[in-house]
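Let me begin by presenting the structure, written as structure tokens, before commenting on it.
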């Protein structure tokens with residue numbers, strides 16, 4: 001596919017998804033917007049883990065960086081009475097810039113190294129997040145976080161669609177931009193450099209590739225993507241707080257990447273859908289069961305964590321290709337079956 | 001003067017616990033080249049069972065025995081039941097599987113015990129001993145020191161003076177050669193996991209009374225602190241882990257006393273970034289090449 005065809009395919013999917021928002025009820029549109037936000041983060045993380053072999057356990061922290069940047073910018077613009085389009089777009093720009101700067105700092109420190117170092121560093125980052133928010137409470141609003149005053153949908157649209165549907169549109173458009181850009185990256189020469197660095201650093205170095213630059217670059221890109229996701233979350237929920245970007249949420253992002261299929265963009269979308277739907281399902285189950293209030297409160301949330309943990313282990317051990325691998329195997333088998341029936345089977 | 005001594009004592013005690021937990025990480029790293037990201041959750045699970053024993057019997061000694069035995073059992077289960085089957089194509093795989101174990105353990109602990117902090121009482125006073133006008137150190141701090149010193153000395157003796165320790169070192173150093181010389185490498189690996197998990201569990205049990213209490217997430221921050229300690233000490237150096245642990249314990253206590261408890265995780269984060277930028281191989285590491 002040429003770059004234009006690839007963008008065209010992304011735009012096609014976007015149009016279909018936007019059409020789908022007309023069928024969905026408000027709550028499902030809200031879930032769709034959340035999924036779109038998660039897609040931004042998981043697609044960047046998936047490429048990071050799968051293409052350059054760097055593991056981040058703290059991608060929620062980059063989402064938080066984007067979300068806080070979005071919130072502060074959006075609130076400042078609201079106060080300055082900025083015109084609508086500026087108030088809508090500039091905060092997203094701020095989210096990308098801040099998240100990539102934070103990502104580059106962390107990347108320079110940790111991305112030069114193999115193995116557990118980057119994972120440990122990003123873990124330390126996401127664990128320090130509540131502490132950062134409360135230490136600089138004047139700016140970030142402490143544990144309670146910030147209220148985000150956002151630009152709502154244009155007036156001429158407000159008679160046609162509901163708030164949740166508009167939020168889903170914004171989320172889908174941002175996700176499509178991230179997805180399209182990363183799809184270009186996967187097909188570019190950079191992708192080959194990344195693979196070389198991942199598979200054999202010495203060989204890559206001999207071929208004139210600078211591994212540090214490739215790793216730090218990919219880390220910055222994936223942090224920027226996560227930051228956009230955080231911006232979408234801030235826009236949709238109109239709130240930012242450290243509790244929303246916990247270690248658990250960060251690990252959910254990793255689960256999404258692994259379930260979907262590490263290193264694939266389609267897998268990142270599958271994964272984002274799974275981490276939105278599974279907690280919905282486990283909550284529905286615990287609510288349906290006749291349990292004492294205390295137990296049901298403990299099950300809520302924790303049950304999803306246990307389920308994800310089990311899925312993570314099982315997928316890693318039994319099906320490391322994830323959902324994307326399963327889908328690809330299935331469609332591949334169908335595709336192969338057709339030509340096989342056409343020519344007569346050679347007898348040996 | 002008194003305040004300085006008290007701070008130093010509290011910092012060293014905190015550091016001793018960090019050192020113990022970091023030692024657990026170093027033990028597994030040396031035995032299997034795996035950074036065990038499940039160490040925190042495994043240790044907290046063992047500490048919860050010890051807590052049940054403590055509440056049931058009231059005996060802290062029995063709780064310590066429980067944490068060691070249960071910790072070793074969890075380590076055995078993790079190695080034989082899970083980590084052994086992880087494909088070793090990429091070092092990331094073992095980390096991801098360990099994260100899966102973390103989620104299962106913390107989720108189950110949350111369901112069984114709830115998210116609130118369980119206070120753990122100890123049979124030692126937390127009030128400092130007075131010598132004349134000078135408050136020196138609390139009995140509990142002393143107790144932590146003694147326990148950590150005994151465990152560290154025991155591990156050192158095990159590795160340097162016994163044939164079992166020699167076999168464990170050999171299989172960590174070069175498993176092929178060790179196997180050719182008749183060492184049961186896979187058994188040594190399992191033993192390494194059991195030893196490490198028992199030590200980690202003990203570290204959590206010792207840390208809990210001075211911190212907020214026991215909760216499913218008690219291990220998170222302790223793991224990050226101990227990981228930083230292990231990195232600074234050099235991941236494969238037990239001596240480095242102990243020295244770096246004590247140093248960071250004092251440093252963290254001074255920082256949190258000056259600017260409040262919330263600054264602790266930020267200080268650790270900054271420290272980790274600086275160390276990774278300046279000297280990623282750690283201060284006491286034997287190996288130079290960590291990039292390959």
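Derivation of every value follows stated rules applied to the coordinates shown; laboratory data play no part. From a predicted model like this one, the values you see are computed outputs, not experimental measurements. Using ideal geometry, Cβ is built from the backbone for each residue, glycine included, and neighbour counts are taken over all protein chains shown.
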query = Fully extended, how many nm does the chain gain between residue A:28 and residue A:86 (0.36 nm per residue separation, minus their Cα-Cα distance)?
reply = 18.1 nm
note = The whole-number value in µm²/s of the Stokes-Einstein translational diffusion coefficient for the range A:55-109, with Rh from the Kirkwood sum over alpha carbon pairs at 10 °C and 1.306 mPa s, is 135 µm²/s
query = Cα gyration tensor of the range A:1-129, axes a ≥ b ≥ c as square roots of the eigenvalues: rounded (a/c below 1.5), prolate (a/b > b/c) or oblate?
reply = oblate
message = What does the structure give for A:305-315 when I average, per residue, the other chain Cβ atoms found within 10 Å of the residue Cβ?
response = 6
note = So the compactness index of the range A:168-317, its C-alpha Rg divided by 2.2 N^0.38 Å, takes the value 1.28
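Suppose a student asked you for the relative contact order of the range B:1-79, using Cα pairs under 8 Å spaced at least 6 residues apart; what percent would you report?
Values: 35 pairs, mean separation 15.8, N = 79.
Once normalised by length, the contact order is 20 percent.
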remark   = Proxy exposure order for A:283, A:10 (fewest C-beta within 10 Å first) is A:283, A:10
key: Most to least packed among A:228-241, B:241-254 [average Cβ atoms within 10 Å]   = A:228-241, B:241-254
task = For peptide B:113-123, compute the average count of partner chain beta-carbon atoms within 10 Å of each residue's beta-carbon.
result = 1
key: Percent RCO, i.e. relative contact order, over chain A, from Cα pairs under 8 Å lying at least 6 residues apart   = 31 percent
request  = Sum -39500 (n - 2.57) across every DSSP H segment of at least 4 residues in chain A, then divide by the residue count to get the 222 nm mean residue ellipticity, nearest 500.
outcome  = -26500 deg cm²/dmol
key: Listed peptides A:142-149, B:257-264 by packing density, highest first (mean Cβ within 10 Å)   = A:142-149, B:257-264
remark   = Rounded to the nearest 0.05, FRET efficiency between residue B:61 and residue A:101 (Cβ-Cβ, R0 51 Å) equals 0.45
inquiry  = Pairs of alpha-carbon atoms within less than 8 angstrom and 6+ residues apart define the contacts here; what relative contact order does chain B have, in percent?
reply    = 36 percent
inquiry  = Working only with C-alpha atoms, what are the Rg and Dmax values of the range B:2-217, expressed in angstrom?
reply    = 18.6, 63
key: Cα shape, the range B:142-256, gyration tensor, a/c 1.5 rule   = prolate
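Please rank A:151, B:79, fewest neighbouring Cβ atoms within 10 Å first, as an exposure proxy.
A:151, B:79
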ask   = Over the Cα atoms of the protein assembly as shown, what Rg and Dmax result, in angstrom?
value = 25.9, 101
ask   = When A:7, B:193, B:29 are ordered from fewest to most other Cβ atoms inside 10 Å of their Cβ, what list results?
value = A:7, B:29, B:193
note = Relative to chain B, whose Cα atoms define the longest principal axis, helix B:218-233 and its Cα axis are tilted in degrees, nearest 10, by 70 degrees
request  = Give me the Debye-computed log₁₀ of I(q)/I(0) at q = 0.24, 0.25 Å⁻¹ for the range A:179-265, equal point scatterers on Cα only, no solvent, two decimals.
outcome  = -1.26, -1.29
request  = Count, for each residue of B:249-262, the Cβ atoms from other chains sitting within 10 Å of its Cβ, then give me the mean as a whole number.
outcome  = 1
query = Rounded, prolate or oblate: which fits the range A:3-246, taking a ≥ b ≥ c as square roots of the Cα gyration tensor eigenvalues, rounded meaning a/c under 1.5, else prolate when a/b beats b/c?
reply = oblate
